[in-house]
1. Could you tell me which residue of segment B:202-221 is modelled with the lowest pLDDT, considering only residues that are under 13 Å from B:Leu53 (Cα atoms) and out of contact with any Leu (no Cβ under 6 Å at 6 or more places or on another chain)?
2. Given the conditions (1) within 14 Å of chain A (Cβ to nearest Cβ); (2) assigned to a strand (DSSP E or B); (3) farther than 19 Å from B:Phe179 by Cβ, and given that B:Val91 satisfies all but one, which numbered condition is not satisfied?
3. Taking B:Phe227, is it aromatic (Phe, Trp, Tyr), out of contact with any strand residue (DSSP E or B) (no Cβ under 7 Å at 6 or more places or on another chain), buried (at least 17 other Cβ atoms within 10 Å of the Cβ) and outside any loop (DSSP other than H, G, I, E, B)?
4. Checking the structure you have, find out if any residue of segment B:115-125 is modelled with pLDDT of 95 or more, assigned to a strand (DSSP E or B) and within 19 Å of B:Pro174 (Cα to Cα).
5. In this structure, is B:Leu186 free of Cβ contacts under 8 Å to residues at least 40 places away in the same chain, out of contact with any Pro (no Cβ under 8 Å at 6 or more places or on another chain) and farther than 14 Å from B:Ile42 by Cα?
6. In segment B:127-166, which residues are within 11 Å of another protein chain (Cβ to nearest Cβ) and not in a helix (DSSP H, G or I)?
7. Taking segment A:191-212 as the search range and keeping residues that are facing another protein chain (nearest Cβ under 7 Å) and assigned to a helix (DSSP H, G or I), which one is most open to solvent (accessible area, probe 1.4 Å)?
8. Cβ contacts < 7 Å: first residue more than 23 Å from B:Lys35 (Cβ to Cβ), restricted to segment B:70-94; second residue loosely packed, with under 14 Cβ neighbours inside 10 Å and basic (Lys, Arg), any location; separation 6+ or different chain. Result?
Amino acid sequence: MTKDDINELQDGRRPNAAAPCNVDVVQNRVVQRRHPGRWLVAILIVIIALQAGQGMANNPNFHWDTYFTYLFSPFVLRGVGWTLLLTVVSMAISIPLALALVIMRENENPILQGVAWFWVWFFRGTPIYTQLAFWGLFAVLFPRISVAVPFGPELLSVDSRWVVTPAVAAIAGLSFNETAYLSEIFRAGFRAIDRGQTEAAQAIGMTKPKIWTRILIPQAMRIIIPPTGNETIGVLKLTSLVLAVPFTLDLTFATNAIANRTYLPVPLLLVAATWYLFITSILMVGQYYLERHYGRGHDMPKEGVR
Amino acid sequence: MMSNSTHTLSVEMDSVHKHYGQYHALRGVDLKVAKGEICVAIGPSGSGKSTLLRCVNQLESISGGRVKINGELQGYRERDGSFYPLSPGQVSRQRRRTGMVFQRFNLFPHMTALQNVIEGPVHVNGERKAEARQRGLALLDRVGLAGLGDRYPAQLSGGQQQRVAIARALAMEPEVMLFDEPTSALDPELVGEVLEVIKSLVSAGMTMMLVTHEIGFAREVADHVIFMDEGVIVEEGRPSELLGNAREQRTQAFLSKVL
C-alpha cells in the first residue's frame, strides 16, 4: 500500500470509505528530545512550594489547631450546606429566567423586547448589596402581598413576612441579579450560531419553539457552559453578601461569627476558604461532564477510520 | 413538459417581486414548473436565482406577486384583493411540501448523520422513532452513505455532508426539491458524487428546482433552463435551445464566459 493510499483512506474521502479497513501504520523511530530547561524550572518551583508550605505549616500565627477544630464543626457544616443551597437554587432559578429573557429579546414584540432590556439594565446596573438589602426590607416596605383586580376588589392577600423570608429574599436577590449577567452570556451564545441552522430547521418545516429547543439551545450550550460555570462560582462567593438581607446561616457568616467569638480570624478565614475551594472543585467536575455532553459533534477527532 | 393545465403544475410564480430595502432583487418573475420537471436556474451571481429559490419555500417573504405550489398560494390567504399572512404554524406546514439543500450543507452539527435525517420525521411529523430510523438508514443507503449514520458532520467530507443533507430533505417526502448551488462549496473532486445522487433523484421522477454553476450538469439533467440576470428571467427554454443556441445577447455573453 502506498503512502497516498493510506492518506486517502484515513481522510475517509472515498465514497465507499464505509468499509472498515486495517492500515499498517508507517512510523519512524523517533528519539525523544531532552528538555533540561523544563527540569530546572520544575525543581525551582518545587523548592519554592516546599518553603512556602513549610512557612505556613509551622507558623504559629495560622493557629492550625483552631483550623482543624472548626473545619468540620456542625455550625460550619450547616453554613456549607446553606451556601451550596443558595448557589444551586439561585442558579436553577436564574438559568431558565435568563433563557426567557433572551427569547423575549429576540421576539418581534417590542413590549417584550423592552421589558427584557429594562430588566437587564436595572439588575446589572444596581449593586447586588443594595438589591439584597431591599429584598430584606420587602416585608417592611410592602407588609401585605395581595392579588386584586386593578382598582377593584382584592382577591387574595397574605402577610409578606410569611412569603419573603430571609432565605427567599436572599435567593431572589442573588438569582434576579444573576439573570441579567446570564442573559447577556446566553445572547452571545445564540448569536454565535450560524443563521443557516435556523434556515435548515425552517426548511424541514420546524416551528419556532421546536427550533429553539431542538436546534438552537443544544448548540448554544456548548458556547454558554464555560462562562456559566464561571458565573456559578461567582454566585457561590456572592452568597457571602447575603448578610445584607440579613440572612445569617451561610458559610461566611458562620466562620465570621466563630472568629469574632474566639478572636482568631485567620484560621476561620482559612476554614471558609477551604470549603469554598471544595465546593468550586465539585462544581468544576459537573462542568466537565456538561461540556463533554454538549461538545458532541464538535470536540472530537476528525477520524476517517474507526 | 411545460404544460399549462393546473393539475400538472407543481411550482407556479406569478410576477414575483422581492425588495431588500432599496435593493430590488426580483423584478417580476413568472415561472411555471410542471410536476416531475427539472428546472435549472443559471446566471451571474447576484442575479436573483437563489432568492427565487428561497421565495418558493418562504425563507424569503415576497414583496409582490404570488407563489403557488400545487395550486395553493404560499404564505398568504387572498380575499377581496387583499393578502392576509398565514400564521407561523401554517407557514411551517406549507414548508413541509418542499425540501431544500443548501450551498453550505447546514447540517445540525450536534447530531449524527442519522439523527439529522430523522429529525424532521420524528420531531416535525411525529413519526415513531423506530420507523423513522428504518427509513433514515434506507435513505442514507440511497445516497451512498450506508454505515456512516453514526458519524457527526464534522467527521464527514463535504461531499458526504451534502449527501446527508439531501437525505435529510428527502426524509420529509417533499413534493419539490430545491437545490441552492449544492456543489459550490465542494472540493472539485467531490462534486461528482453529489451530482450522481441528484441524478438518481431525476430518474426517480422528483420535481426539482436547481440553482447551479455546473452548466454541463444542467445540460444533462434539465428539462427546463432559465437564465436570470438582474432579478428577471432573461430567457428560458429546453437546455439544447438555451445552452446551445441562446437568442438573447446577455445569455450568450454569460455562456461564453462559463462554457
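1. Checked segment B:202-221; the qualifying residue modelled with the lowest pLDDT is B:Thr212.
2. (2)
3. So B:Phe227 does not fit the description; no.
4. Within segment B:115-125, none of the residues are modelled with pLDDT of 95 or more, assigned to a strand (DSSP E or B) and within 19 Å of B:Pro174 (Cα to Cα).
5. Criteria met by B:Leu186.
6. Selection gives B:Val143, B:Gly144, B:Leu145, B:Ala146, B:Gly147, B:Leu148, B:Gly149, B:Asp150, B:Arg151, B:Tyr152, B:Leu156, B:Ser157.
7. In this case the residue turns out to be A:Lys208.
8. Cβ pairs passing all conditions: B:Tyr84/B:Arg77; B:Leu86/B:Arg77.
The values are calculated or read from the model by the stated rules, or taken from the named source; none is laboratory data. As the structure is a prediction and not an experimental result, all values here were calculated from the model. Positions of Cβ are backbone-derived with ideal geometry, glycine not excepted, and every protein chain shown enters the neighbour counts. Ligands, DNA and RNA are stripped out before the accessible areas are found, and what is left, the full protein with its side chains, is counted by its heavy atoms. Shrake-Rupley method; radii C 1.70, N 1.55, O 1.52, S 1.80 Å.
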